[in-house]
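Chemist: Take this structure, written in structure tokens, and hold onto it; I'll ask about it next.
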Amino acid sequence: MAEGFRTDANLGGTEKVAICDPTNAAMLESKYTAMASLHPECSELPPFSVGYVKGWHRCTALLGLLGGLYELQFPLAEVPDHFKASVKTIHGTVGSYATPREQVFANRGITLASTGTRRAPNCFVFLRQVEVLQRAGHGNATQQFEEWGNATAISRAFNIGKQESNAVSNLQSNVTMDTRLRLKAVIKTKGMRNFLHHEVIGRGIFNVGFSSASGPTEGWVSAMTNTDSSELVLFLIERMCCDWDHQAIKKAFTYKDALALHQSTAMFLHFLGRLKQVCPVSDEVVDQLKSQFLLGGVDPELQVTAEQSVPPGDLKAVGVFRALLVKRETEIQIQADEKAQELAKKVAAATLEQLRAQLTADVEKFRNQLPSKLDETVEFAKDMKYIRDRQMFVVACMDCTVWPSNNKYVMDCLDLMHNVCALSSRNVGHIQLPMHHSSTTMQAIIKHRRKLEDAMLATNSEIRHGVTLMFAKDSTRSGSDRRPATQNVLTLFSDKSCKWNESEALQSGCIGPLPLIRVSDMQGFAEFGRACVQRTLGGQTQPRVVYYGLLREEHKKVMAEIEADVFKHWDSLASSPSKTRPRPPAEELKVEGLTMCTFSAATGACWPDHVLEKFPAHSAEHKELAEMKNKLYEEFPRPSSNAASAAPGSAPPRVVGRPDFTDSENPPLDVERMIDVETVSPPPPAERLASVVGKHGRPSIIVSKNFDVFIGNETQAAATYTACELFGFGTGNFEFKLVHGGIRDSSGLAWRFQSDTDIVAVDKKLCCIADFMHRCATQQGLADVGIQEHTIKPKMHAAEAGENEPLPVPFRYTVEPLESKRTHVFRPNPLTGNNVEMKVASVGALWIGNWDKLPESKMAKCVWEVELRGNKLSAIKPKMFLTCALALPNDAWCKLK
């Protein structure tokens, strides 16, 4: 088969093809598959004997040619000479070698004839020769190729230069196996001459420990250094392949080109590693980033970053990383926000649970250590009863000087006296005991006295002995008058705290001397009363009796003033009963063990407002705590700002408690609240009915032709206006008439109230009727204050099961007009003259005939000025009041809506 192909090795284009035993594994890079013999008769070409050391393409071409001729059974002798000449470049010589070493060294040279036509040397061909020797166990390259140590010997042995020999040396000793295999695979497919200069490999750009950092990029030496992991080098090779594939005109990479790519690749992998550290990214995202880098669009930014920054660098300096990082940071922020929200919910729930437990515990301590609402109501009822009873003293007299024949009648009278005394501690019973006379015996007198005493003792009443009536007999008949000059008296009390114990009679044990009238002058059993009258008519002052006659209808005001003066005088006397209900001395109220809430006698139970700041205003937690706060103040109300309170050093309030508005559907208006108003332009002068300039801290007023009211600040500075009088209704008169509506009647302004939360003006200060009643009771001791032309009754709690009677709601009243619906109506006098500029006291008269247009809102309303005449609330005059507080800038106006 080899006949005709044995060519002189020195001929041009001739390649040596060495033949050896294929069973030697050193000559093979992988497993082989046995095939049929090409020519069994040819002793020089045994089966599987064709191998190669170098010239892969020529060897395979020759094998293909020979195999084709064999398959066609074409006689080799008949092959034309011109065909043989055309394939002379793949002609090979066949030799037989005993060992792979002999084969390698016999074929390591290049024939002189082929030097002019062969391709450029390939360092991987020489690398293969070294690998064959290593696999055959014949040492390393230094031992086998001593002449490779200098460029001259290499050129003489292989006809290659210094870069080729350096490349072979680096591939053999300084690159990793993964890098070598990857480069070999790339060179096989792309060709050494077209893809890569030997300078790139020879200068060690793929070597372990090589660094491309220099000059401006010297700070990145750590990132730009090849490591044993080969990640940087392998990705560099992949980038070089990608760039080479996209070249229209293929050009082999120089060292300068590869060095720039090495820097860019190192920077990309550095930032990719940082990105993975900063935020986890999926493999898909990493592949997308690598694809963008392989296309070359990231190189400029990477190069600028390498030259202008130092490690670790800013990920946002590179576009592909910046977009991904911002997106990832947004996702992370969203996740962090969600986690924070979830954590905040858990924290809020835990905080709410803790606060709820602490606040509930504090409320329970309030309940255990403070008087309950029911207790306060009971105390209020007792105090009101005391100040009501304090104004009334009852002396129940029973004259038993002559014992009646009807014993049952006497016992019934005694029971009645006991009931009267039990009504109040200011009631006292006065029993004049039986006396000896001609119609009875001493035994009967003692029996009757014992019967009286036993009956009183059976009722557990307090009995006081030792009081004696002293009689003064007529001196002209002292010898014939055999009646005793003294008489024993029993004094009956409901309890030991009765104020009658402090009276002069009981302290001295003697009443009199009293005139003892003649029997013929006696009328019934009124000796004691008649004696008092006679002493008064005789000009004597003890006992003191004051008489007031009946007055006509027009003198009722005088009667009320007389009653008030009498009560004030009596109330101021040191001998009058205590102004407050006697009660055992109590320690100052305090609550111990509180954790969140606070308490003081002046402010009562105080909710910790800072707990509401822990949650957003519209959150469920804030709402729950606000409900707990409302319930706390419903159960333990705080002192009202309008309710009377004792000033330091003043007398304590006579009645405990305060108006209870917790269950009120119409709570009183808070006249101290601050509201926001919308500023408007006032109507022009041509459209005004009246205007008043504000003075003494009051706002200016304009009334339009539509009866709209504007209030403004015409000063040079901002002003805050509190609840105050806006204007009056001028002079007028009162008419007593039938009124079915409210305060605005067709003919004027009616004296009419619908509820105890209606606002009145007392001494130019606004308060509701319930607060006024509270002030009268706590400061003046007036329990039953009425309202002129109205009926007023205490509101009562619903009676609980088992209770005898319901308890009153503290200082709450039902206010209704008289059943006849008749009341006083104020009718202002009509205005005269120029109304545009008028006095503030007469502005209200503009509404005569248009009372339905008078402003009536929570911002301003018509309020009655009142005064207390006797024990009745009486009308003075109606006024228009501002019922809130508001702030106005200078030269600003607002409309009363």
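Chemist: Once you list every other residue whose beta carbon is under 12 Å from the beta carbon of A458, what net charge do they have if Lys and Arg are +1 and Asp and Glu are -1?
Modeler: -2
Chemist: Same structure again: What distance in nm separates the simple spin-label points at V310 and D852, each placed 7 Å from Cα in the Cβ direction?
Modeler: Between V310 and D852, the simple spin-label model gives 8.9 nm.
Chemist: Provide K897, K590 ordered by accessible surface of protein heavy atoms (probe 1.4 Å), highest first.
Modeler: K897, K590
Chemist: Counting only protein chains, not ligands or nucleic acids, how are H436, H696 ordered by accessible area (probe 1.4 Å), most first?
Modeler: H696, H436
Chemist: If you don't mind, another one. Which cross-chain or sequence-distant (5 or more) residues have an amide H under 5 Å from the amide H of L873, H modelled 1.01 Å from N in plane?
Modeler: Long-range HN contacts for L873: G786, I787, Q788.
Chemist: If you don't mind, there's one more thing I want to ask. Given the alpha-carbon gyration tensor of the stretch 618-756, what are the semi-axes of its equivalent ellipsoid in whole angstrom, ordered largest first, with each equal to the square root of 5 times an eigenvalue?
Modeler: 37, 25, 19
Chemist: What ranking of K373, K447 comes out by heavy-atom accessible area, probe 1.4 Å, highest first?
Modeler: Correct descending sequence by accessible area is K447, K373.
Chemist: With Cβ to Cβ distances under 14 Å as the rule, what net charge do the other residues near F293 carry (K, R +1; D, E -1)?
Modeler: For residues surrounding F293, the net value is -4.
Chemist: Excluding ligands and nucleic acids, what accessible area in Å² is computed for I237 using a 1.4 Å probe, to the nearest 10?
Modeler: 0
Chemist: Could you tally the net charge around A651, taking each other residue with its Cβ under 13 Å from the Cβ of A651, Lys/Arg +1 and Asp/Glu -1?
Modeler: +1
Chemist: Taking only the alpha-carbon positions of the stretch 722-867 and ignoring solvent, what does the Debye formula give for the base-10 log of I(q)/I(0) at q = 0.08, 0.11, 0.17 Å⁻¹?
Modeler: Log10 I(q)/I(0), no solvent term: -0.29, -0.51, -1.05.
Chemist: Then there is this: How large is Rg/Rh for the stretch 179-262, to two decimals, with Cα atoms and a Kirkwood Rh?
Modeler: Taking Rh as the inverse mean 1/r over Cα pairs, Rg/Rh reads 0.96.
Chemist: Here's another thing I want to ask about it. Of K839/K895; K590/K629; K276/K327; K872/K895; K858/K879, which ones are farther than 26 Å apart at the Cα?
Modeler: K872/K895
The values are calculated or read from the model by the stated rules, or taken from the named source; none is laboratory data. Please read all numbers here as calculations on a predicted model, not as lab measurements. Cβ atoms come from the backbone with ideal geometry, glycine included; neighbour counts cover every protein chain shown. Just so you know, the surface numbers come from the protein's heavy atoms only, side chains and all, with ligands and any DNA or RNA stripped out. Shrake-Rupley method; radii C 1.70, N 1.55, O 1.52, S 1.80 Å.
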